[in-house]
Amino acid sequence: MAAPPTVEPSSALSLELLPTDPLLLILSFLDYRDLVSCCYLNRRLNQLSNHDPLWKRHCKKYWLISEEEKSRWNQSWKAIFISTYSDLGRYIQYYATLKKAWDDLEKYLGQWCPRMISSLKESVREEDLDAVEAQIHCKLPNDYRCSFRIHNGQKLVVPGLMGSMALSNHYRSEDLLDIDTAAGGFQQRLGLKQCLPLTFCIHTGLSQYMALESVEGRNKYEIFYQCPDQMARNPSAIVMFITGTSYLEWFTSYVNKVVTGGYPIIRDQIFRYVHDKDCVATTGDITVSVSTSFLPELSSVHPPHYFFTYRIRIEMSKDALPEKTCQLDSRYWRITNAKGDVEEVQGPGVVGEFPIISPGRVYEYTSCTTFSTTSGYMEGYYTFHCLYYKDRFFNVTIPRFHMVCPTFKVSTA
């Protein structure tokens, strides 16, 4: 039996012999860190890693730099990436998200609230943020710093960027504070230790704060409204209504609510009413929808007093016949709190008015209610009479709408 043929070992495949295109394709899947590391492995990978189109993806992903912006830089994609990284590298995990939020917000404001654009302030420098940290003896979170490298908040004007709210005898409009004003309001007093204000309302004095340390029962970087405990013996005891777990989450979720139309624009201002899409009821040709909002500045935990405002929209279909024109006579409410306690309210008109509804016409009004529990709901109906047939009356359903107090914590001060 013949011996099997001897197999010669194949020579090792050299990286230098591999074709360029497959290698570039592989490199295109690497993150910027790995791409930089490849530059130090050997001469071939160094050459391939400098292939400029590889850096285009990273410039767009991390710095949102477009082809148009690239032409103004008059530099290669790699040079742009490195230059931007040297300035903003510490924020690379936040920058694209926050820059997109700011860009989307500016575009939306330019269309719906143009006068608010002029209140936005230009970005700050790294040394300005470092100086604030030295002033308050506390580190600022990188997502907060990153946002202020894009826009330094806004001027103290009305309307405020962070939303408005209005009742007949109460008005609130919150500005996003610039870094110097925020630093000037940094708190060290009992109940608000190590807390930095993010917003401010010049009418009510209301602010949203960010905790820069985990003290007094707060989590680090938690964002909240303060609520004085009216029953505490210690007047510095503060209860907090939580509005965010980090600056990134707080700011981007607010912007998303604005630019998607979740908050209505009223008189060139952003109003923080929340509308549940299921909270709509149609009776014949008339549709009623409701939006609600919680007002922390008029609420307290001790004693329990939770203040809500609601905005009602009444609209008659534009296809309705002219003889369907009618006038609102009265309202009936059934108000239920979280304990199941029920209160019934009936009265003439709404907010002192008796609106006439005709085809295509919309009537909106704002009112308010309070609960001794953290949640509750309202429902009811309006009674209308026809203007063409004055002896004809009918009821229009008001959909059930829920009001829920945001999560809160009781101070340990």
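The values are calculated or read from the model by the stated rules, or taken from the named source; none is laboratory data. This structure is a prediction, so every number in the text was calculated from the model and none was measured. Glycine also receives a Cβ, built like all others from the backbone with ideal geometry; neighbour counts cover every protein chain displayed. The accessibility values were calculated without ligands, DNA or RNA, using every heavy atom of the protein model including side chains. Shrake-Rupley method; radii C 1.70, N 1.55, O 1.52, S 1.80 Å.
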Going residue by residue through the range 122-136, is there one that turns out to be open to solvent by 20 Å² or more (accessible area, probe 1.4 Å) and in contact with a Cys (Cβ under 8 Å, 6 or more places away or on another chain)? no
Hey, Gly349 surrounded by fewer than 14 Cβ atoms within 10 Å (Cβ to Cβ), in contact with a Lys or Arg (Cβ under 8 Å, 6 or more places away or on another chain) and of a type outside the set (D, E, K, R) or not: no
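Look through the range 93-150, keep the residues that are part of a helix (DSSP H, G or I) and among the polar types (S, T, N, Q), and return whichever of them is farthest from Gly163 (Cα to Cα). If you could, list the steps in order and put the result at the bottom.
Step one: of the range 93-150, the residues part of a helix (DSSP H, G or I) are 95-112, 114-117, 126-136, 142-150.
Pick out the ones that are also among the polar types (S, T, N, Q) and you get 97, 111, 135, 142, 147.
Working: Thr97: 21, Gln111: 16, Gln135: 29, Asn142: 24, Ser147: 18 Å.
Within the range 93-150, the match that is farthest from Gly163 (Cα to Cα) is Gln135.
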Of all residues in the range 39-56, which are closer than 14 Å to Lys78 by Cα, surrounded by 15 or more Cβ atoms within 10 Å (Cβ to Cβ) and of a type outside the set (Gly, Ala, Ser)? Leu48, His51, Leu54, Trp55, Lys56
Those residues of the range 360-405 that are surrounded by 16 or more Cβ atoms within 10 Å (Cβ to Cβ), of a type outside the set (Val, Ile, Thr) and not in a strand (DSSP E or B) come to a total of 2
Return a yes/no flag: does the range 330-339 have any residue that is in contact with a Cys (Cβ under 9 Å, 6 or more places away or on another chain) and open to solvent by 50 Å² or more (accessible area, probe 1.4 Å). no
Can you name the condition, by its number, that Ser299 falls short on among (1) of a type outside the set (A, V, I, L, M, F, W, C); (2) within 24 Å of Gly163 (Cα to Cα); (3) open to solvent by 50 Å² or more (accessible area, probe 1.4 Å)? (3)
Counting only strands (runs of 3 or more DSSP E) wholly inside the range 166-217, the ones holding at least 3 residues that are buried (at least 18 other Cβ atoms within 10 Å of the Cβ) are 195-197, 208-211
Using beta carbons and a limit of 8 Å, which pairs, at least six apart or on different chains, have the first residue in the range 276-296 and touching a residue at least 60 places away in the same chain (Cβ under 8 Å) and of a type in the set (S, T, N, Q) and the second one open to solvent by less than 20 Å² (accessible area, probe 1.4 Å) and outside any strand (DSSP E or B)? Thr292/Tyr273; Ser293/Tyr273
Got a sec? Which of Cys138, Cys227 is among the hydrophobic types (A, V, I, L, M, F, W, C) and modelled with pLDDT under 95? Cys227
Please go through the range 17-38 and give me each residue that is touching a residue at least 12 places away in the same chain (Cβ under 8 Å) and either aromatic (Phe, Trp, Tyr) or open to solvent by 100 Å² or more (accessible area, probe 1.4 Å) (or both), ordered by number. Tyr32
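Per-residue answers, yes or no, for (1) at pLDDT 95 or above; (2) surrounded by fewer than 20 Cβ atoms within 10 Å (Cβ to Cβ):
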site: Glu249; (1), (2): yes, yes
site: Ser253; (1), (2): yes, yes
site: Val259; (1), (2): yes, yes
site: Tyr263; (1), (2): yes, no
site: Ile266; (1), (2): no, yes
site: Ile286; (1), (2): yes, no
site: Thr292; (1), (2): yes, no
site: Phe308; (1), (2): yes, no
site: Met316; (1), (2): yes, no
Ser86 passes all but one of the listed conditions (1) free of Cβ contacts under 8 Å to residues at least 12 places away in the same chain; (2) in the same structural domain as Leu248 (by the TED database); the exception is number (2)
Taking the range 219-245 and keeping residues open to solvent by less than 30 Å² (accessible area, probe 1.4 Å), under 29 Å from Leu98 (Cβ atoms) and outside any strand (DSSP E or B) leaves Glu222
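Kindly indicate whether Gly191 is touching a Pro at 6+ places or on another chain (Cβ under 9 Å) and modelled with pLDDT under 95. Lay out the reasoning, then the answer.
Values: touching a Pro at 6+ places or on another chain (Cβ under 9 Å): yes; modelled with pLDDT under 95: yes.
When the stated conditions are applied, Gly191 passes them.
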